[in-house]
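K.L.:
I have a structure I would like to understand better, so I am pasting it below and will then ask my questions one at a time.
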Amino acid sequence: MTDLAIAANGLRKSYGDKTVLDGVDLAVPQGTVFSLLGPNGAGKTTVVKILSTLISADPGTGDIHVGGHDLARDPQAVRAAIGVTGQFSAVDGLITGEENMLLMADLHHLSRSEGRRVAAELLERFDLTEAARKPASTYSGGMKRRLDIAMTLVGGPRIIFLDEPTTGLDPRSRHAMWQVVRELVAGGVTVLLTTQYLEEADQLADRIAVLHDGGIAAQGTAEELKRLVPGGHVRLRFTDPAVYRAALAALPETTADDETLTLRIPSGGSQRELRSLLGRLDTAGVEADELTVHTPDLDDVFFALTGGDDQPHLPRQPKETVR
């Protein structure tokens with residue numbers, strides 16, 4: 001367990017007759033990004049609150065270790081090892097960014113000189129030095145989020161919980177936040193990230209767990225999860241009807257669209273499969289005018305695992321790449 005920053009067995013939590021978590025297991029290696037992905041109400045924030053000692057798990061939950069410390073026996077040691085940035089900013093808008101940082105330094109019992117040094121370093125690291133003496137209420141959403149994380153880092157935590165940290169940010173601010181997360185992990189910090197943004201999990205996470213109906217519907221790397229969903233294919237488009245018919249004869253297992261002169265061939269998109277397909281076309285003396293590859297993405301995974309017809313359509317990346 002020494003190589004795991006977080007190890008939790010059978011997390012359980014209910015509120016009255018509503019079961020939020022029903023036996024969730026987590027294993028998060030040190031120095032990685034682990035993402036909890038799921039729709040609203042799936043229990044992502046509840047997991048964060050339990051692991052960060054804000055609420056207690058229900059009886060029947062197994063052992064929980066965070067930062068090598070037993071959460072039930074030594075919650076204070078867990079608190080000393082972690083930092084938490086919640087869905088809602090902890091920034092006090094009535095005081096300056098610098099004063100917010102110094103307040104956190106006081107809460108961590110740093111000396112005056114040490115607190116000022118740490119605050120200055122973090123404000124510079126998060127590109128907030130110029131705005132440091134302005135009221136935080138004047139900051140943009142992205143600046144407030146950066147200040148929020150900077151405040152979380154004052155105590156030097158090795159494990160950070162980021163609960164939907166980019167919700168409401170514009171694309172530029174979201175990408176800037178992603179870079180912050182990458183830099184934290186490069187420095188050896190472990191990040192447990194909850195998000196509804198599929199692209200965010202795809203970009204950042206070493207491993208992803210999809211929460212649904214109180215449990216983990218699937219877990220793995222982004223690529224492993226994508227392979228769970230069928231539907232990958234290669235699409236060939238032609239402009240010459242004669243060439244189209246020759247391709248159809250060479251590839252009888254395809255789905256054909258005579259109106260648009262396109263063929264759709266089931267494929268996982270691997271190099272070997274593409275080489276075989278192109279070889280068959282070459283043998284038939286056929287050349288497509290356009291070849292595109294469709295592979296399932298996390299959007300497909302999300303809806304397949306959560307039965308997402310009644311869920312909001314979440315941000316996604318284009319699936320087809322022109323070759």
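Laboratory data are not the source of any read-out in this text; all were calculated from the coordinates shown. Keep in mind it's a predicted model, so treat the numbers as computed, not measured. Here the Cβ is made from the backbone with ideal geometry for all residues, glycine too, and neighbour counts use every protein chain on show.
K.L.:
Order these by the 10 Å Cβ neighbour count, fewest first: Leu291, Leu36.
P.N.:
Leu291, Leu36
K.L.:
I'd like the distance separating the alpha-carbon centroids of the range 83-97 and the range 1-23, in whole Å.
P.N.:
27
K.L.:
Tell me whether the range 132-177 comes out rounded, prolate or oblate; compute the Cα gyration tensor, take square roots of the eigenvalues as a ≥ b ≥ c, and use a/c under 1.5 as the rounded threshold.
P.N.:
Oblate.
K.L.:
Taking the Cβ of each residue in Met151, Met104 as the centre, tally the other Cβ atoms inside 10 Å and list the residues starting with the fewest. Please list the in-between numbers first.
P.N.:
On the way: Met151 25, Met104 22.
Ascending number of Cβ neighbours within 10 Å: Met104, Met151.
K.L.:
Provide the gained length on full extension for the span Tyr15 to Ala249, in nm with one decimal, where the gain is 0.36 nm per separating residue minus the Cα-Cα distance. Write down the numbers at each step before the final one.
P.N.:
Values: separation 234, 0.36 × 234 = 84.24 nm, distance 6.10 nm.
Once the chain is fully extended between Tyr15 and Ala249, it gains 78.1 nm.
K.L.:
Which FRET efficiency, nearest 0.05, do Asp240 and Asn40 yield, Cβ-Cβ r, R0 56 Å?
P.N.:
Once rounded, the FRET efficiency stands at 0.65.
K.L.:
Please compare each pair in Lys18/Lys144; Lys49/Lys134; Lys49/Lys144; Lys44/Lys144 to a cut-off of 28 Å on the Cα-Cα distance and tell me which ones are over it.
P.N.:
Going by Cα-Cα distance, Lys18/Lys144; Lys49/Lys134 fall outside the 28 Å limit.
K.L.:
A further question follows. For His233, His109, which order do you get if you count the other beta carbons within 10 Å of each Cβ and list the fewest first?
P.N.:
Details: His233 19, His109 9.
Ascending number of Cβ neighbours within 10 Å: His109, His233.
K.L.:
Identify the trypsin sites (Lys or Arg not before Pro) of the range 129-210 meeting these criteria: DSSP loop state and at most 11 other C-beta atoms within 10 Å of the C-beta.
P.N.:
Details: sites: Arg133, Lys144, Arg145, Arg146, Arg158, Arg172, Arg174, Arg182, Arg207; in loops: Arg133, Arg158.
Those that pass, being in a loop and sparsely packed, are Arg133.
K.L.:
In addition: Could you give P(r) for the range 69-169, binned at 5 Å from zero, as whole percent values over all Cα-Cα pairs?
P.N.:
That works out to 2, 14, 23, 23, 20, 10, 5, 2, 0, in percent per bin.
K.L.:
Would you mind computing, in nm to one decimal, how far apart the modelled labels at Asp170 and Ala27 are, each placed 7 Å from Cα along Cα→Cβ?
P.N.:
Label at Asp170, label at Ala27, 4.4 nm between them.
K.L.:
Would you kindly derive the ³J(HN,Hα) couplings of the range 267-283 from the backbone phi angles with the Karplus curve 6.51 cos²θ - 1.76 cosθ + 1.60 (θ = phi - 60°), listing them in order in whole Hz, with x for Gly and Pro?
P.N.:
Running phi through 6.51 cos²θ - 1.76 cosθ + 1.60 with θ = phi - 60° gives 6, x, x, 6, 4, 5, 5, 5, 4, 5, 4, 5, x, 5, 5, 4, 4 Hz.
K.L.:
Mind sorting out which of (1) -0.39, -0.49, -0.87; (2) -0.30, -0.40, -0.91; (3) -0.26, -0.34, -0.80 is the real log10 I(q)/I(0) by the Debye sum over Cα atoms at q = 0.07, 0.08, 0.12 Å⁻¹ computed from the coordinates?
P.N.:
Calculated log10 I(q)/I(0) by the Debye sum over Cα atoms at q = 0.07, 0.08, 0.12 Å⁻¹: the matching label is (1).
K.L.:
How large is the Kirkwood hydrodynamic radius of the range 106-261, in angstrom, based on all distinct alpha carbon pairs?
P.N.:
19.8
K.L.:
Would you mind calculating the gained length between Ser111 and Phe88 on full extension (0.36 nm times residue separation, minus the Cα-Cα distance), in nm to one decimal?
P.N.:
5.4 nm
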